[in-house]
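The values are calculated or read from the model by the stated rules, or taken from the named source; none is laboratory data. It should be emphasised that the depicted structure is a prediction, and the values quoted were computed from it without experimental measurement. As a convention, Cβ positions derive from the backbone with ideal geometry for all residues, glycine included, and neighbour counts pool all protein chains shown.
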Amino acid sequence: MLVEKATASLIALEKVGKAYEQPSGQPVVILEPMDLCLKPGEIVALLGPSGSGKSTLMRIIAGLIPPSQGQVMYHGQPLVGLNPGVAIVFQSFALYPWLTVLENVELGLKAKGEPLGPRREKALKMIDVIGLDGFENAYPKELSGGMRQRVGFARALAVEPELLCMDEPFSALDVLTAENLRFELLDLWLERRIPTRAILIVTHGIEEALTLADRVIVLGRNPGRIRADFPVTLPHYRDRKSSDFQSLVDQVYKILTNPEAPAEPPTLAASNTTSVATPATPAPAKYQSLPGVRIGSIAGLLELLEDRQGDLYRLAQELLMEVDDMLPLVEAAQMMDLVNLREGDITLTRIGLEFSASGIDERKRIIRQQLLEHIRLVQQIYRLLQAKRHQRVSEELILDLLEGHFTPKEAYRQFKTAVDWGRYAELYGYDEPAGEVFLEAAPTLETPVVT
Ligand code: ADP
Ligand code: MG
């Protein structure tokens, strides 16, 4: 459909790395040397936590900043200075308040030395395509956020860039506006109504990346590096509720929430609908991995959600938290069926609501119930304890059990988390000097539903 058959790359990074010198003179590595090739016909998403160097990488591709090693090849030639084939849409819109919509859109063309006649014509055409018709003479302050970002798009597209780069272009918009604009952009691209051969979008939204992109590159941080690079072969317009889509979301979510784990990209493409020939291999039964967060923090999240349901990204912003710091909390709350996460929106479940409306004793009871129902490691520890005559179990035994599924370091982390959660719920305690977990004096438990 939209795939141009050209295999030649538009832009190729060869061992491109970036380091900045600190005031002390010591270099700090922002991007590890990487190879990366952008081809015509694809929408590529650069997905990663804040600080993983997404913007830096995009700026290097655009020629706004030079790499400190390696080189950027543009049509087979080393790039020097600004990349003439790239235009950028910024999160902050970056419009000139004293210029009209039309004048703002003309800016890039003007910079390219386009004379007034054709410049105006191209700008007006793009204003029309992008849905700004009638606002040519308005000033940015008269426009809503969504309309301002349309100006950002029109300005970038008016120069007919080969590669349209967008740095979190929807994240300053409200959820509905963002959704609408995302969809319109995709529409324009799929119908080939915009003059661009490839799109690179920087995002930290998993669903945004998987909704738009034909290929997703996951960056990790400290230092910035490519952790995964995989195609998304689901046909556009993607049904976000489909199991294929959700499976991809889950897998990418796992990568992002396990920044230290080795990336496992090859399996990500497996859930596409086009590979009819490959028989479905049964997924290995995975041991549930607990995010290392405290129940107290989960409680904090639930309290905040009580009067502030909605988009996870916005919530994180409001709390001055990075989405990736919040993800483990959300994941833990989800595991315990305290929140629902759908299409980036987070809401309390009935049990979550009950939790946040309750006092401490009731909260402990709820967590106890949810742990025993949903958290396998807690169930296992609890059962072991009940089976033991002295109702004590050594830490080693539990670690042995865990090391069948995790590295020793991760096993220990899992153990600590299970101890923390079980303690909160007063299911069991932990005798650190003895290295033993012990059963709490039997609380009034209703029969746990253990599956
Ligand atoms: P992202 O867009 O993924 O959030 P950035 O590319 O903005 O990441 O930044 C990556 C890292 O590089 C951050 O830790 C940031 O502080 C650092 N950084 C970015 N620009 C500079 C600079 N000019 N000097 C020093 N450090 C920088
Ligand atoms: Mg950035």
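Of the residues 58, 73, 34, the single one that is in contact with a strand residue (DSSP E or B) (Cβ under 6 Å, 6 or more places away or on another chain) and in a helix (DSSP H, G or I) is 58.
If you filter the range 354-384 down to residues that are outside any helix (DSSP H, G or I) and small (Gly, Ala, Ser), you find that the one that is farthest from residue 430 (Cα to Cα) is 357.
Looking only at the range 28-56, residues that are more than 7 Å from ligand 1 (Cβ to nearest atom) and over 21 Å from residue 207 (Cβ atoms) come to 12 in all. Yes or no: the range 87-94 includes at least one residue that is within 16 Å of ligand 1 (Cβ to nearest atom), in a helix (DSSP H, G or I), within 30 Å of residue 222 (Cβ to Cβ) and not polar (S, T, N, Q). No. In this structure, residue 3 does not satisfy being within 12 Å of ligand 1 (Cβ to nearest atom), surrounded by fewer than 16 Cβ atoms within 10 Å (Cβ to Cβ) and at pLDDT below 90.
Here is a yes/no grid of residues against (1) within 30 Å of residue 169 (Cα to Cα); (2) in contact with a helix residue (DSSP H, G or I) (Cβ under 8 Å, 6 or more places away or on another chain); (3) buried (at least 20 other Cβ atoms within 10 Å of the Cβ):
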| residue | (1), (2), (3) |
| --- | --- |
| 342 | yes, no, no |
| 355 | no, yes, yes |
| 389 | no, no, no |
| 393 | no, yes, yes |
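Just the residues that are without any contact (Cβ under 8 Å) to a residue 40 or more places away in the chain and either surrounded by fewer than 16 Cβ atoms within 10 Å (Cβ to Cβ) or of a type in the set (Asp, Glu) (or both), please, taken from the range 52-75. Passing the criteria: only 66. Note on the range 26-37: among residues that are away from ligand 2 (no atom under 16 Å from the Cβ) and under 23 Å from the mean Cα position of the chain (by Cα), the one that is surrounded by the most Cβ atoms within 10 Å (Cβ to Cβ) is 34. Annotation: of all residues in the range 371-387 being crowded, with 22+ Cβ neighbours inside 10 Å and not β-branched (Val, Ile, Thr), the one that is farthest from residue 416 (Cα to Cα) is 372. Only one of the numbered conditions (1) closer than 24 Å to residue 178 by Cα; (2) in contact (Cβ under 8 Å) with a residue 12 or more places away in the chain is violated by residue 83, and that is (1).
When 138, 178, 172 are screened for being assigned to a loop (DSSP other than H, G, I, E, B) and at pLDDT below 90, only 172 passes. Only one of the listed residues (72, 86) is away from ligand 2 (no atom under 16 Å from the Cβ), under 20 Å from residue 185 (Cβ atoms) and in contact with a helix residue (DSSP H, G or I) (Cβ under 9 Å, 6 or more places away or on another chain). That residue is 86. In this structure, does residue 23 turn out to be assigned to a strand (DSSP E or B), farther than 21 Å from residue 186 by Cα and over 21 Å from the mean Cα position of the chain (by Cα)? In short, no. When residues in the range 111-170 are screened for being at positive phi and of a type in the set (Asp, Glu), 2 of them pass.
Against the test of being more than 27 Å from residue 187 (Cα to Cα) and more than 16 Å from ligand 2 (Cβ to nearest atom), the options 49, 66, 40 yield a single qualifying residue, 66. Within the range 385-415, being part of a helix (DSSP H, G or I) and of a type in the set (D, E, K, R) holds for 395, 396, 400, 403, 409, 410, 413. Within the range 75-100, the set of residues being over 32 Å from the mean Cα position of the chain (by Cα), over 30 Å from residue 36 (Cα atoms) and of a type outside the set (Ser, Thr, Tyr) comprises 98, 99.
Scanning the range 196-243 for residues that are charged (D, E, K, R), closer than 22 Å to residue 19 by Cα and either assigned to a strand (DSSP E or B) or away from ligand 1 (no atom under 15 Å from the Cβ) (or both) turns up 225, 227.
Here's the yes/no breakdown for (1) away from ligand 2 (no atom under 16 Å from the Cβ); (2) not polar (S, T, N, Q):
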| position | (1), (2) |
| --- | --- |
| 147 | yes, yes |
| 163 | yes, yes |
| 170 | no, yes |
| 193 | yes, yes |
| 230 | yes, yes |
| 233 | yes, no |
| 240 | yes, yes |
